[in-house]
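Asks: Handing you this structure, nothing more for now.
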2 protein chains.
Amino acid sequence: MAACTVYSTQSLRTNISIPTSSSKTHVGFNQKQVVFYTKSNNKRLNNTSRYLITCKASDSQTIVIGLAADSGCGKSTFMRRLTSVFGGNPDSNTLISDTTTVICLDDYHSLDRTGRKEKGVTALDPRANDFDLMYEQVKAIKDGISVQKPIYNHVTGLLDPPELIKPPKILVIEGLHPMYDSRVRDLLDFSIYLDISNEVKFAWKIQRDMAERGHSLESIKASIEARKPDFEAYIDPQKQYADAVIEVLPTQLIPDDNEGKILRVRLIQKEGVKYFSPVYLFDEGSTISWIPCGRKLTCSYPGIKFFYGPESYKGNEVSVVEMDGQFDRLDELIYVESHLSNLSSKFYGEVTQQMLKHADFPGSNNGTGLFQTIVGLKIRDLFEQIVASRAETPVGATKA
Amino acid sequence: MAACTVYSTQSLRTNISIPTSSSKTHVGFNQKQVVFYTKSNNKRLNNTSRYLITCKASDSQTIVIGLAADSGCGKSTFMRRLTSVFGGNPDSNTLISDTTTVICLDDYHSLDRTGRKEKGVTALDPRANDFDLMYEQVKAIKDGISVQKPIYNHVTGLLDPPELIKPPKILVIEGLHPMYDSRVRDLLDFSIYLDISNEVKFAWKIQRDMAERGHSLESIKASIEARKPDFEAYIDPQKQYADAVIEVLPTQLIPDDNEGKILRVRLIQKEGVKYFSPVYLFDEGSTISWIPCGRKLTCSYPGIKFFYGPESYKGNEVSVVEMDGQFDRLDELIYVESHLSNLSSKFYGEVTQQMLKHADFPGSNNGTGLFQTIVGLKIRDLFEQIVASRAETPVGATKA
């Protein structure tokens, strides 16, 4: 059963090319598609009025997850872990499991590399991104309607021909701005921000761009500095809207460490989010620091330290779980897992099993891998709770 | 069944007066008494040879607990809590429950107040105490033999006529020197040291001696200073032998606090002691700090902070549980109790029940009361384990 709405989308401003040869399809359950007539700045298309047809099937709505982070900040590793939790193949390029589709928001760049250079804006700048189209396509998918999504080609810096995205059970939109536009934000059932501190970002960039790509230290510094103003203006403020923030900081176990190899990672979980019950250590709502190393668990220098407690974060009440240090042996994680509660795992040891399964992924021996895996379990749980709550609700009562 | 040994005790040097009109009693099970013929320095008695008769009933040996502390350091409150745990009446002056007898080691002063003044020694000095008699009487009681214990009268500063002490199930010897003499120490099944830091001791003395007894601040300071050298030479070193130390320190929750009202109390538990399994918080063998105040437990300033972890103490491996701060409401203790393990309680909430029962005792709202109660439970458990292990061992196999 689907309820359809037709409305005009005069406000769209985009230079994405969308094929004009579309035809209305029969709008029925599990068979929905929307046609976008777009205003093209490059004159390939005439300026036409557009109509959006939304067909909402109340019992099969797509659940939308937003994942925000700077480029090179582990989004893809996170997506691979999430895909694995949902039973998909994390080594697939498309990262699409049976249930999950991932959209990279770079595909909504309204300006390609040349266009950005001409106008003097970075990819971080909202003016280089088409939030109207982003909103309308995410909304369409959420409402069960397939869309022709543009593709931004990172190699050429140009926009490739679009691809068809059918509504999945879970849509993940990942990139720089999933929570920037309030309309897109309101579509999100859950949102995550991967927050890499400047010190760690710098250490990682040196590792990647200097060691692997032969860039100079100066050019790396310059490129980071150049991104800073726009990053702080447009990306960073999205933290306040995130239901979960994974914050990656230098270790505090080694004084004045700036190698960026040993990390202190904080999972900042917003309180009061429907279908999301924050993970805690030992005792919910209290403040705890825990050094598991000791008589039962042997850790090499500088050891491992956990923290848990309530905090205030960007004006929100949150619960923080923190891990500083790294595991010598990944199977020791079961010891830590056994002391964490509200993990939403399906069986004892599932977190450890997931981590061991992908021990080769970056961050598997520290808090980034641990918390990415845990957030994956929380998203699966959220999904299952939403599905269960819909099954309980009679269709006629959805607006009650 | 009892095995009796008769041996001479020529080495005894004591000036304690013991009645000479003693008669040998029938030595049988549960009916044993020993006669001490003492060499009296005050010439009231002739110098006589003495014989000690020990009758050891292998299945009813008294368990001996040593409790060391300076005077005015809460030993009597501790004894009242211990008596209560064993089901006795803590308001009885003799503090003797059905199972427990308490001997104050001041009764083994070999010099009375005048004698000490003449010789220029304090009560802390081993020369003012008769360790031979202490050893022999404790050994006799442990072996199931009644003794005529001297009584030191604190009011007169003289030695009163002795009293008969029958072997109880549990003998507690409390005072300045329960672990000073190695022979006495070896008789102890469990030992506790109440360690009040100088800052807190000073604050308490001011409270008691200045407010209640009208002493001047200078005289209090002078009396503490005068005791220090002997205290450090003879009392303090006993810590190293204690199975449990209750350390009372100023709070760390208020910077530079020296009021001594809010306390940080540490229960230092020796590892590897037979029949004694240290209490722990959340996770045995790891290091944890815990602020229970938060969303579930509301605490007023300065709050409550717990710590647990392995440490090294006077060359021994120990496990420490620490509580800083005080309870606003004693019934909130159940929340803390539920997170402590190895309490040796007989039912959930027994610690809280004991604390509530004696809420008027000093220290009931802080770690002194909490840890005294816990040590009481541990002693009861130790006693029951020893009794159970004896019941399991055939009588003929005691020396196997």
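The values are calculated or read from the model by the stated rules, or taken from the named source; none is laboratory data. All of these numbers come straight from a predicted model, not from anything done at the bench. No Cβ is skipped: glycine too gets one built from the backbone with ideal geometry, and neighbour counts run over all protein chains shown. The area values use the complete protein model at the heavy-atom level, side chains included, leaving out ligands, DNA and RNA. Shrake-Rupley method; radii C 1.70, N 1.55, O 1.52, S 1.80 Å.
Asks: Suppose we keep only residues that are within 10 Å of chain B (Cβ to nearest Cβ) and of a type in the set (A, V, I, L, M) within the stretch A:269-303. Which one would you say is farthest from A:Leu333 (Cα to Cα)?
Replies: A:Ile288
Asks: Separate question: Residue by residue through the stretch A:270-324, note down the ones that are of a type in the set (Gly, Ala, Ser) and within 21 Å of B:Met323 (Cα to Cα).
Replies: Within the stretch A:270-324, A:Gly285, A:Ser286, A:Ser289, A:Gly294, A:Gly309 meet the criteria.
Asks: Does B:Val184 qualify as being hydrophobic (A, V, I, L, M, F, W, C), assigned to a helix (DSSP H, G or I) and at pLDDT 95 or above?
Replies: Spelling it out, B:Val184 is indeed hydrophobic (A, V, I, L, M, F, W, C), assigned to a helix (DSSP H, G or I) and at pLDDT 95 or above.
Asks: Looking only at the stretch A:311-335, how many residues end up being over 21 Å from B:Ile288 (Cα atoms) and over 24 Å from the mean Cα position of the chain (by Cα)? Give the steps one after another, and end with the answer.
Replies: Filtering the stretch A:311-335 for residues over 21 Å from B:Ile288 (Cα atoms) gives A:312-318, A:329-331.
Filter once more, keeping what is over 24 Å from the mean Cα position of the chain (by Cα): A:329-331.
Final tally of qualifying residues: 3.
Asks: It is to be established whether one or more residues within the stretch B:226-247 are assigned to a loop (DSSP other than H, G, I, E, B) and farther than 16 Å from B:Leu67 by Cα.
Replies: Scanning the stretch B:226-247 turns up no residue that is assigned to a loop (DSSP other than H, G, I, E, B) and farther than 16 Å from B:Leu67 by Cα.
Asks: For the stretch A:266-285, which positions are on the phi < 0 side of the Ramachandran plot, open to solvent by less than 40 Å² (accessible area, probe 1.4 Å) and assigned to a loop (DSSP other than H, G, I, E, B)?
Replies: The answer is A:Val273, A:Phe276, A:Pro278, A:Val279, A:Asp283.
Asks: Further question on the same structure: Would you point out the residue of the stretch B:296-323, among those that are under 23 Å from A:Tyr280 (Cα atoms) and among the charged types (D, E, K, R), that is modelled with the highest pLDDT?
Replies: Looking only at the stretch B:296-323, we keep the residues that are under 23 Å from A:Tyr280 (Cα atoms), and these are B:296-299, B:303-309, B:321-323.
Cutting the leftovers down to among the charged types (D, E, K, R) gives us B:296, B:305, B:322.
Working: B:Lys296: 74, B:Lys305: 95, B:Glu322: 98.
If we take residues in the stretch B:296-323 being under 23 Å from A:Tyr280 (Cα atoms) and among the charged types (D, E, K, R), then B:Glu322 is modelled with the highest pLDDT.
Asks: In the stretch A:304-314, what residues are away from chain B (no Cβ under 14 Å) and surrounded by 18 or more Cβ atoms within 10 Å (Cβ to Cβ)?
Replies: Selection gives A:Tyr313 alone.
Asks: Hey, among B:Phe361, B:Phe371, which residue is modelled with pLDDT of 95 or more and open to solvent by less than 40 Å² (accessible area, probe 1.4 Å)?
Replies: On the way: B:Phe361 fails: modelled with pLDDT of 95 or more.
One residue alone meets the criteria, B:Phe371.
Asks: Of all the residues that make up the stretch A:301-351, how many are over 18 Å from A:Val248 (Cα atoms) and hydrophobic (A, V, I, L, M, F, W, C)?
Replies: Selection size over the stretch A:301-351: 8.
Asks: Let me ask you something else. Which members of the stretch A:178-235 meet the condition of being surrounded by 13 or more Cβ atoms within 10 Å (Cβ to Cβ), under 30 Å from A:Glu384 (Cα atoms) and among the small types (Gly, Ala, Ser)?
Replies: Across the stretch A:178-235, the qualifying residue is only A:Ser191.
Asks: Sticking with this one: Tell me which residues, restricted to the stretch B:59-79, are among the small types (Gly, Ala, Ser) and at pLDDT 85 or above.
Replies: We begin by selecting, within the stretch B:59-79, every residue among the small types (Gly, Ala, Ser); these are B:60, B:66, B:68-69, B:71-72, B:74, B:76.
Scanning the stretch B:59-79 gives B:Gly66, B:Ala68, B:Ala69.
Asks: Pull up the stretch A:146-163, narrow it to residues that are among the β-branched types (Val, Ile, Thr) and at pLDDT below 95, then point me to the one that is surrounded by the fewest Cβ atoms within 10 Å (Cβ to Cβ).
Replies: Taking the stretch A:146-163 as the starting set, the residues that turn out to be among the β-branched types (Val, Ile, Thr) are A:147, A:151, A:155-156.
When the remaining residues are screened for being at pLDDT below 95, the result is A:151, A:155-156.
Details: A:Ile151: 15, A:Val155: 6, A:Thr156: 10.
The extreme case among them is A:Val155.
Asks: Okay, next question. Tell me which residues, restricted to the stretch A:236-265, are crowded, with 17+ Cβ neighbours inside 10 Å and either among the small types (Gly, Ala, Ser) or over 16 Å from the mean Cα position of the chain (by Cα) (or both).
Replies: Once the filter is applied, which keeps residues that are crowded, with 17+ Cβ neighbours inside 10 Å and either among the small types (Gly, Ala, Ser) or over 16 Å from the mean Cα position of the chain (by Cα) (or both), the stretch A:236-265 yields A:Ala242, A:Ala244, A:Leu249, A:Pro250, A:Thr251, A:Leu253, A:Asp257, A:Gly260, A:Ile262, A:Leu263, A:Arg264, A:Val265.
Asks: With the structure loaded, tell me whether A:Glu317 is in a strand (DSSP E or B), touching a residue at least 24 places away in the same chain (Cβ under 8 Å) and open to solvent by 60 Å² or more (accessible area, probe 1.4 Å) or whether it fails that test.
Replies: So A:Glu317 fits the description; yes.
Asks: Next up: Of the residues A:Leu158, A:Leu176, A:Leu194, A:Leu187, which single one is on the phi < 0 side of the Ramachandran plot and out of contact with any helix residue (DSSP H, G or I) (no Cβ under 7 Å at 6 or more places or on another chain)?
Replies: Values: A:Leu176 fails: out of contact with any helix residue (DSSP H, G or I) (no Cβ under 7 Å at 6 or more places or on another chain); A:Leu194 fails: out of contact with any helix residue (DSSP H, G or I) (no Cβ under 7 Å at 6 or more places or on another chain); A:Leu187 fails: out of contact with any helix residue (DSSP H, G or I) (no Cβ under 7 Å at 6 or more places or on another chain).
Sole residue among the options that is on the phi < 0 side of the Ramachandran plot and out of contact with any helix residue (DSSP H, G or I) (no Cβ under 7 Å at 6 or more places or on another chain): A:Leu158.
Asks: For the subset of the stretch A:99-131 comprising residues that are buried (at least 18 other Cβ atoms within 10 Å of the Cβ) and of a type in the set (Gly, Ala, Ser), which member is modelled with the highest pLDDT?
Replies: Selected residue: A:Ala128.
Asks: Out of the stretch B:339-371, which residues are in contact (Cβ under 8 Å) with a residue 60 or more places away in the chain, farther than 18 Å from B:Lys305 by Cα and outside any loop (DSSP other than H, G, I, E, B)?
Replies: B:Gln354, B:Lys357
Asks: Please verify whether A:Asp328 is in contact with a Cys (Cβ under 8 Å, 6 or more places away or on another chain) and either assigned to a helix (DSSP H, G or I) or open to solvent by 20 Å² or more (accessible area, probe 1.4 Å) (or both), treating the condition exactly as stated.
Replies: yes
Asks: Condition check: within 13 Å of chain A (Cβ to nearest Cβ) and open to solvent by 10 Å² or more (accessible area, probe 1.4 Å). Does B:His339 satisfy that?
Replies: Criteria met by B:His339.
Asks: Tell me yes or no: at least one residue of the stretch A:230-238 is farther than 28 Å from A:Gly315 by Cβ, more than 14 Å from every other protein chain (Cβ to nearest Cβ) and touching an Asp or Glu at 6+ places or on another chain (Cβ under 6 Å).
Replies: Keep residues of the stretch A:230-238 that are farther than 28 Å from A:Gly315 by Cβ, which gives none.
Taking every residue of the stretch A:230-238 in turn, none turns out to be farther than 28 Å from A:Gly315 by Cβ, more than 14 Å from every other protein chain (Cβ to nearest Cβ) and touching an Asp or Glu at 6+ places or on another chain (Cβ under 6 Å).
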